Amino acid sequence: MDANGTETPTLVPGPRTGPGAAREALAQNVRRQGLARGWSLRELGAATGISKGLLSQIERAEANPTLEILTRLADVLATTCTDLLRRPLLRPEIVRAAEPAEESGETSVHFLFAQGELGRAEFYRSRLHPHAQSQVSSHGTDSVEYVTVVSGRVVLVVDGERYALDQGDTARFSGLSSHHYETEESTAVTHTVVGYPRD
């Protein structure tokens, strides 16, 4: 409680960030972009002027490349430095309502997700009746969908994989993936945000 008698919320740490997370994101993105083009490390090195050894270290998340190196990679891969450092959503990330435990009688603020690269966003409130299925959706390249279960229970289905979400659970996943929501015995209400990259 502060000097004015206002309760001070407890801030719960969010997902891991920092140099290690950035290196891992860069490694995954360089591998993914290279595989999508069918390039070997030698071919990527020839196109960028970066040694095969350094590229190998980048793909193993062991290197701390300079801005010049990042820029060369981004130019050749037809992307941006920001996108190269963005952690790809290869699988849905779920924050359970019970994680972490909150102290009784205290206001707490739980950091869920950060996504600074988004531009336009759409907000939805959905009510699904028992034994219902939402429309199968896909929102396009680099879109991200966030969902919070306000009441009830839903099953999130992403590319055929099923994830049970209870009341208070929150998830985010790639909006490019084919996905839908299902209910079981009870009605469910969800709040959803779909974020799109800046033009």
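In a loop (DSSP other than H, G, I, E, B) and at pLDDT 70 or above: is that true of Ala121 in this structure?
It is false that Ala121 is in a loop (DSSP other than H, G, I, E, B) and at pLDDT 70 or above.
Val149 - would you say it is among the aliphatic types (A, V, I, L, M), within 19 Å of Arg96 (Cα to Cα), out of contact with any Lys or Arg (no Cβ under 8 Å at 6 or more places or on another chain) and surrounded by 18 or more Cβ atoms within 10 Å (Cβ to Cβ)?
When the stated conditions are applied, Val149 passes them.
Given the residues Val136, Val154, Val144, which is the only one that is more than 15 Å from Leu90 (Cβ to Cβ) and crowded, with 19+ Cβ neighbours inside 10 Å? Please lay out each step first, then the result.
Values: Val136 fails: crowded, with 19+ Cβ neighbours inside 10 Å; Val144 fails: more than 15 Å from Leu90 (Cβ to Cβ).
Of Val136, Val154, Val144, the one residue that is more than 15 Å from Leu90 (Cβ to Cβ) and crowded, with 19+ Cβ neighbours inside 10 Å is Val154.
Go through region 34-66 and report how many residues are open to solvent by 50 Å² or more (accessible area, probe 1.4 Å) and within 18 Å of Ala21 (Cβ to Cβ).
Within region 34-66, residues that are open to solvent by 50 Å² or more (accessible area, probe 1.4 Å) and within 18 Å of Ala21 (Cβ to Cβ) number 4.
Of the conditions (1) open to solvent by less than 10 Å² (accessible area, probe 1.4 Å); (2) under 23 Å from Asp83 (Cα atoms), Val193 satisfies every one except a single condition; which number is it?
Result: Val193 passes all but (1).
Please work out which one of (1) under 30 Å from His179 (Cα atoms); (2) open to solvent by 80 Å² or more (accessible area, probe 1.4 Å) is the condition Ala74 fails and give its number.
(2)
Hey, His131 hits all of (1) without any contact (Cβ under 8 Å) to a residue 40 or more places away in the chain; (2) closer than 23 Å to Ser186 by Cβ but one; which does it fall short on?
(1)
The values are calculated or read from the model by the stated rules, or taken from the named source; none is laboratory data. Small disclaimer: the values here were computed from a predicted structure and weren't measured. Every residue, glycine as well, gets a Cβ built from its backbone with ideal geometry; the counts of neighbours run over all protein chains shown. For the accessible areas, the whole protein counts, side chains as well, though only heavy atoms, and no ligand, DNA or RNA atoms are used. Shrake-Rupley method; radii C 1.70, N 1.55, O 1.52, S 1.80 Å.
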